[in-house]
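What follows is a set of notes on a single structure, which appears directly below.
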Amino acid sequence: MEAWLRQLALNAQLRTGLGAAVVMWGAAAVLGAALALIFLLIAAFVWLADRYDSVVAASLLGGFFVLLAVIAGIACATIRRGNIKRARLELELRRRAAAEASLIDPGLLAIGHQIAQTIGWRRAASLAAVALLGAALAREWLGHTKKPEQDDKPPAS
């Protein structure tokens, strides 16, 4: 059950990019924007009422909160992209693991049992051993076709 819930959570994260950090930074962006609006409104009021030093202070505070909202928005978007990439990678790993585990399918086991009864258990065992050896060799040879990327630059000392 836990694997299904994790699968659903990863699919949702892949589609939306939401996570705890995105929600927190989004809340900080909303809070920053609301505070910026409040201080800018106070600054406009003070400027209209007085047109002196209190305007500069309120404008600086409003500018600070606007800057906070912009930084939080950029952080939110960056973390969202990272969440999508991480979820995509984990889902791909789960798909590969599921494909490898599909050999233990009950239908395939029933077919194997019928074949073994038809041709005899000794012949089936030797055929299974040859098949496993062939699969292991194929996996070894075909699994290493991708060469690791090599940097042309010497390591920094």
Can you work out which of the residues in the range 1-29 that are aliphatic (A, V, I, L, M), assigned to a helix (DSSP H, G or I) and in contact (Cβ under 8 Å) with a residue 24 or more places away in the chain is farthest from Leu68 (Cα to Cα)? Leu10
What are the pairs, 6+ residues apart or on separate chains, where a residue within the range 91-113 that is at pLDDT 75 or above has its Cβ under 9 Å from a residue that is of a type in the set (S, T, N, Q)? Leu91/Gln7; Leu91/Asn11; Arg94/Gln7
Considering only the range 6-17, I want to know if a residue exists there that is in contact with a helix residue (DSSP H, G or I) (Cβ under 8 Å, 6 or more places away or on another chain) and small (Gly, Ala, Ser). yes
Before we move on, is Ala77 touching a helix residue (DSSP H, G or I) at 6+ places or on another chain (Cβ under 8 Å), at pLDDT 85 or above and either part of a helix (DSSP H, G or I) or in the same structural domain as Ala136 (by TED's automatic domain parsing) (or both)? no
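The values are calculated or read from the model by the stated rules, or taken from the named source; none is laboratory data. A quick note: this is a predicted structure, and the numbers were derived from the prediction, not measured. All Cβ positions, even for glycine, are placed from backbone atoms using ideal geometry, and neighbour counts span all protein chains on display.
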